[in-house]
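The values are calculated or read from the model by the stated rules, or taken from the named source; none is laboratory data. Here the structure is a predicted model, which is why all the values come from computation and not from measurement. Virtual Cβ from ideal backbone geometry, glycine too; neighbours counted across all protein chains shown.
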Amino acid sequence: MKALVTGTDTNVGKTYVTAGLTRTGRRAGHDVIAAKPFCTGPATDVAALHAANETCEPEHAINPAWFHTPLAPFAAAMIEDRHIDLGRVHEVLRELASRHDHLLVEGAGGLAVPILRDYDFRDLAEDLELEVVLVAANRLGVMNHVRLTLEALNHRRLHCRAVVLNAVSAPAPEPDLAESTNPAILEQLIDVPLFQVAHGQTDFSALVNHLLAG
């Protein structure tokens, strides 16, 4: 398995899901490694993946490009007057893939977030032959976000293995109508397997098994 874990937006739980998949897979005896090639702002996401990897690779090996500025990689590089060495990023990820059986590559923000002026995470997935795991926050508006992202993936002929509907906040005292109905409605609208992640969930076995079975 080699997959890009992307989101419908920022703050939808990509790191949480990527770390959960990695931790669950490794505990089950699978050689899974997670990387975040482009990190902007605080490096907390990299630290979370490093821990999920059981520190089997140094942080610089799973995060070859880090920027202080918490913006899209292209914008952060412009502001900091730095060059993104895309060839080096490709090399690092290919090296990780050669050393481990399964590679999860966490994106930054959504699928079309620019890495270079004319290069985004769709291009990265194509160049590295990555399948896609799409993470979406279970809230009002998610149906539009999921369908648009799947349309963009289909347009580029990128294979989405799973949509992960993530509960980003603790359950409210009164059930939210959108949150409670989104799963059933989405299953009627998309042709991709849908998995739900509850708030605070730590066991991702069902999703790991699905991804490894492909």
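Quick one: which of 101, 81 is closer than 18 Å to residue 34 by Cβ and loosely packed, with under 15 Cβ neighbours inside 10 Å? Full working, then the answer.
Numbers: 81 fails: closer than 18 Å to residue 34 by Cβ.
Only one candidate qualifies: 101.
Residues in region 9-39 that are buried (at least 24 other Cβ atoms within 10 Å of the Cβ) and either within 20 Å of residue 72 (Cβ to Cβ) or over 15 Å from the mean Cα position of the chain (by Cα) (or both): 12, 14, 18, 25, 35, 36, 37, 38, 39. Contact map, region 117-129: residues that are free of Cβ contacts under 8 Å to residues at least 24 places away in the same chain and closer than 18 Å to residue 7 by Cβ paired with residues that are part of a strand (DSSP E or B) and not aromatic (Phe, Trp, Tyr), Cβ distance under 8 Å, separation 6+ or inter-chain. Pairs shown: 120/114; 123/115. A single member of 87, 109 is over 23 Å from residue 209 (Cα atoms), touching a residue at least 12 places away in the same chain (Cβ under 8 Å) and of a type outside the set (S, T, N, Q), and it is 109. Taking the conditions (1) over 28 Å from residue 27 (Cα atoms); (2) touching a Ser or Thr at 6+ places or on another chain (Cβ under 9 Å) in turn, residue 147 satisfies each one other than (2). Taking residue 140, is it farther than 16 Å from residue 6 by Cα and not in a helix (DSSP H, G or I)? Yes, satisfied.
Helices (runs of 4 or more DSSP H) fully within region 1-112 that include at least 1 residues being under 25 Å from residue 160 (Cα atoms) and in contact with a Pro (Cβ under 6 Å, 6 or more places away or on another chain): 73-79, 86-99. Taking each residue of region 185-205 that is closer than 19 Å to residue 19 by Cα and looking for partners that are of a type in the set (Asp, Glu) and surrounded by 12 or more Cβ atoms within 10 Å (Cβ to Cβ) with beta-carbon atoms closer than 7 Å, six or more apart or interchain, yields 194/187. Examine region 164-175 for a residue that is outside any strand (DSSP E or B), at pLDDT 95 or above and in contact with a Leu (Cβ under 9 Å, 6 or more places away or on another chain), and state whether such a residue exists. Checked against the condition, which is being outside any strand (DSSP E or B), at pLDDT 95 or above and in contact with a Leu (Cβ under 9 Å, 6 or more places away or on another chain), region 164-175 yields no hits at all.
Among the conditions (1) touching a Leu at 6+ places or on another chain (Cβ under 8 Å); (2) on the phi > 0 side of the Ramachandran plot, the only one that residue 157 does not satisfy is (1). Within 27 Å of residue 37 (Cβ to Cβ), exposed (fewer than 14 other Cβ atoms within 10 Å of the Cβ) and touching a residue at least 24 places away in the same chain (Cβ under 8 Å), is that true of residue 151? Taking the combined requirement at face value, the residue does not satisfy it. Every condition in (1) farther than 25 Å from residue 149 by Cα; (2) touching a helix residue (DSSP H, G or I) at 6+ places or on another chain (Cβ under 8 Å) holds for residue 99 except the one numbered (2).
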